[in-house]
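Peer 1: The structure is given below, and queries will be raised subsequently.
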Amino acid sequence: MKNNNEDYEIKMHKTLAEDLKDFARESHLDFMDYTWPKTLDDPLIEGYHTREICSAIDESFEKLRHGESSFYLVNVHHRAGKSDIVSRFLPAHFVGEFPDKEVIQTSYKAELAATFSTYGRNIFRSEKYQELYPNIRLSTETNKKNDWVIVDKDTKKPLGGKSYSTGLSSGLTGSGMSLGVIDDWFAGRAEAESTTMRNRVWEAFTNDFMTRRAPASIIFIIGTLWHWDGLANRIRNEMKKNPNFPQFKELIFPAKREQSPNPEKYPGEYLFLERYDAGWYREQYATLGRYGAAALLDCNPTMRTGGLLDTTGIVYHDKVDLEIPADTEIQWGQVWDLAHTEKQRTGDDPDWTSGTLMGFQIKPGDVIPHLWIKNVSRCRKGAKGRDEFIRIATMQAGKFVKSGIESSIESKDAYEYIRGAVPEYNWNKIPILGDKTVRIAPLEPIFETIGHVHLVRGDWNEDWIEEIIRFDGSGAGHDDQVDNLSAGYIMLMSSGLKMSNNARAALAARRNR
């Protein structure tokens, strides 16, 4: 027989369990904690931004119950859990509280949105979720990763609620939403730097996504601020110009405390020290460079104004041997950019065929590679003279130096031509894709770090420096030597220089994941 103390403890345990369920239904942060899958290796880690975003979600639920719409722009640095909060857990929590309402999840591609939707569907099916919302189930008739329908547990009749995922620029016609989520509108920097893509995203947002709203709705937009003219900034500009445009509440969390509008709420110098130490943040800033860090970390993308590569920290050397000891992890290569068309080789100021003898080096303790330029060879010759010029320069560099040539749409035949003309060497085809400013982006932090660009003195230095300073990505003037740098980075860094895992992650983020 149980004594009074045992009865009291059982009663208190049941009361506490019910209280936890109530908290989980009422608070999005508690909902995440309650339904967080035990199979995940990583626990739910809270930061200041986590609590603020979840609080905004709680606010939006309350407004919706009173027939009010709410709009939120969430900006926080990469890998800070924003997709967990909004894209993975929010739809499941929403349909639990509003089983008669519809959800639309979008991203830059339908597959990513479907992945988020699948995660939410699995939360819905979990035992913990069913403890919170025991009267609803997923329809067995609709069992798609991007489309799930809510039904009454007993009658199996649809309640009106559903979640649908798709790409931002496709598949929204005919769908409606009381909750709409956009999680990343660009796949990476290459798309963000394209005016055509920015316009396409804006049209999809205004003409398709926002027209799907119910009379009262919740809109969350989260993503990396790749560009100053991206979706988030266009929304800000429209809010200023037009008081009738939906007024988004902005939740902005820069990585550095000093840049935050609420620095007193940061746990230290950086935003998410509960998960990442200060060293991680310093490596991210160092690896991304000023332009990349402004977008990915500071939540304040800047406009490119020319002079993309900083030459003030260049170090000059009288000479350098290619046979540097192996423990310095250097990779040498000679990269060629060809003026191969008649248009490029003629005119008042024809293009150059240029080859850059360069190397990348990771020194112990460094995050940012060192760039070495031993020589630049240029000529303005016809095909026969050009091939002989390349053959001589390649032989002078030596067979242990990796040789590469760009392979772009404009020069698709050049690689095969040169390989046949100078067959003594193992030529590498270097794939060249995207805008010039995107391709040069990984070089920016190297140039910004004093003492990490090394030039051997030569009569080519002055022209090289002048081109580097002048380069703004516009295509005006000559940029063959800049193109060699970006192609060399692709060819040599793909060989796998040693660097820390954090540095690799940051470089991967800079190269559009």
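Values in this text are rule-based calculations from the coordinates and carry no lab data. These numbers come from a predicted model, not from an experiment. Reconstructed Cβ throughout: ideal geometry from the backbone, glycine too, with neighbour counts over all protein chains shown.
Peer 1: What residues have an amide H closer than 5 Å to that of Asn375, excluding those fewer than 5 places away on the same chain, when H is modeled at 1.01 Å from N in the peptide plane?
Peer 2: Here Leu357 satisfy the definition.
Peer 1: Let me ask another. Mind listing the phi-derived Karplus ³J(HN,Hα) values for the stretch 420-431, rounded to whole Hz, using 6.51, -1.76 and 1.60 with θ = phi - 60°, and x for any glycine or proline?
Peer 2: 3J(HN,Hα) across the stretch 420-431, in whole Hz: x, 6, 10, x, 5, 10, 8, 7, 10, 7, 9, x.
Peer 1: Tell me, what are the semi-axes, in whole angstrom and largest first, of the equivalent ellipsoid of the stretch 260-311 as set by the roots of 5 times the Cα gyration tensor eigenvalues? Walk me through the numbers on the way to the answer.
Peer 2: Working: eigenvalues 122, 39, 10 Å².
Ellipsoid half-lengths, sorted descending, are 25, 14, 7 Å.
Peer 1: Collect residues whose amide H, placed 1.01 Å from N in the peptide plane, falls under 5 Å from the amide H of Asn428; neighbours closer than 5 in sequence don't count.
Peer 2: Amide H neighbours of Asn428, under 5 Å, 5+ apart: Ser403, Gly404, Ile405.
Peer 1: Treat the count of other C-beta atoms within 10 Å as a stand-in for reagent exposure and order His78, His452, His317 from fewest to most.
Peer 2: On the way: His78 16, His452 20, His317 12.
Going from least to most buried by this count: His317, His78, His452.
Peer 1: Which semi-axis lengths, in whole Å and largest first, follow from the square roots of five times the eigenvalues of the Cα gyration tensor of the stretch 174-257? Spell out each step's value before the answer.
Peer 2: Numbers: eigenvalues 89, 54, 36 Å².
Ellipsoid semi-axes (Å, largest first): 21, 16, 13.
Peer 1: Once the other residues with Cβ under 12 Å from the Cβ of Arg65 are scored (Lys, Arg +1; Asp, Glu -1), what is the net sum? Each step should come with its number before you reach the end.
Peer 2: Values: positive: Lys63, Lys101; negative: Glu26, Asp58, Glu59, Glu62, Glu68, Glu97.
Residues near Arg65 contribute -4 overall.
Peer 1: A further question follows. Going by how many other Cβ atoms sit within 10 Å of their own, how do Arg439, Arg380 line up, fewest first?
Peer 2: Values: Arg439 22, Arg380 16.
Ordered by Cβ neighbours within 10 Å, fewest first: Arg380, Arg439.
Peer 1: For the stretch 4-253, what is the convex hull (Cα atoms) projected area averaged across all directions, in square nanometres?
Peer 2: The orientation-averaged projected area of the Cα hull of the stretch 4-253 comes to 15.5 nm².
Peer 1: For Ile368, what charge total do you get from the other residues with a beta carbon under 10 Å from its beta carbon, if Lys and Arg give +1 and Asp and Glu give -1? Write down the numbers at each step before the final one.
Peer 2: Working: positive: Lys363; negative: Glu283, Asp366, Glu448.
Local net charge: -2.
Peer 1: Return the sequence-ordered ³J(HN,Hα) values of the stretch 188-205 in whole Hz as given by the Karplus equation 6.51 cos²θ - 1.76 cosθ + 1.60 applied to θ = phi - 60°, using x for Gly and Pro.
Peer 2: Calculated HN-Hα couplings, in order: x, 5, 4, 5, 5, 7, 8, 4, 4, 5, 5, 5, 5, 5, 4, 5, 5, 5 Hz.
Peer 1: In whole Hz and in residue order, list the ³J(HN,Hα) couplings for the stretch 61-73 that follow from phi through the Karplus curve 6.51 cos²θ - 1.76 cosθ + 1.60, θ = phi - 60°; x for Gly and Pro.
Peer 2: Along the stretch 61-73, the couplings run 4, 5, 5, 5, 4, 9, x, 10, 8, 8, 9, 9, 10 Hz.
Peer 1: Got a sec? How would Asp100, Asp84 order by Cβ neighbour count within 10 Å, fewest to most? Mind dumping the intermediate values first?
Peer 2: Values: Asp100 12, Asp84 19.
By the 10 Å Cβ count, ascending: Asp100, Asp84.
Peer 1: Rounded to the nearest 0.05, what FRET efficiency do Thr211 and Arg380 have when you use their Cβ-Cβ distance and R0 = 56 Å?
Peer 2: On the way: r = 56 Å, r/R0 = 0.99.
In this case the efficiency is close to 0.50.
Peer 1: Another question, then. Step through the table entries Lys63/Lys241; Lys319/Lys363; Lys82/Lys256; Lys109/Lys153, compare each Cα-Cα distance with 21 Å, and write down the pairs that go over it.
Peer 2: Lys63/Lys241; Lys109/Lys153
Peer 1: Give me the percent relative contact order of the stretch 4-253, please, defined on Cα pairs under 8 angstrom at least 6 residues apart.
Peer 2: Value for the stretch 4-253: 24 percent.
Peer 1: Val453's amide H: which non-local residues (gap 5+, or another chain) put their own amide H closer than 5 Å, with H modeled 1.01 Å from N in plane and none for Pro or chain starts?
Peer 2: The list, which skips near neighbours in sequence, is Val315, Leu371.
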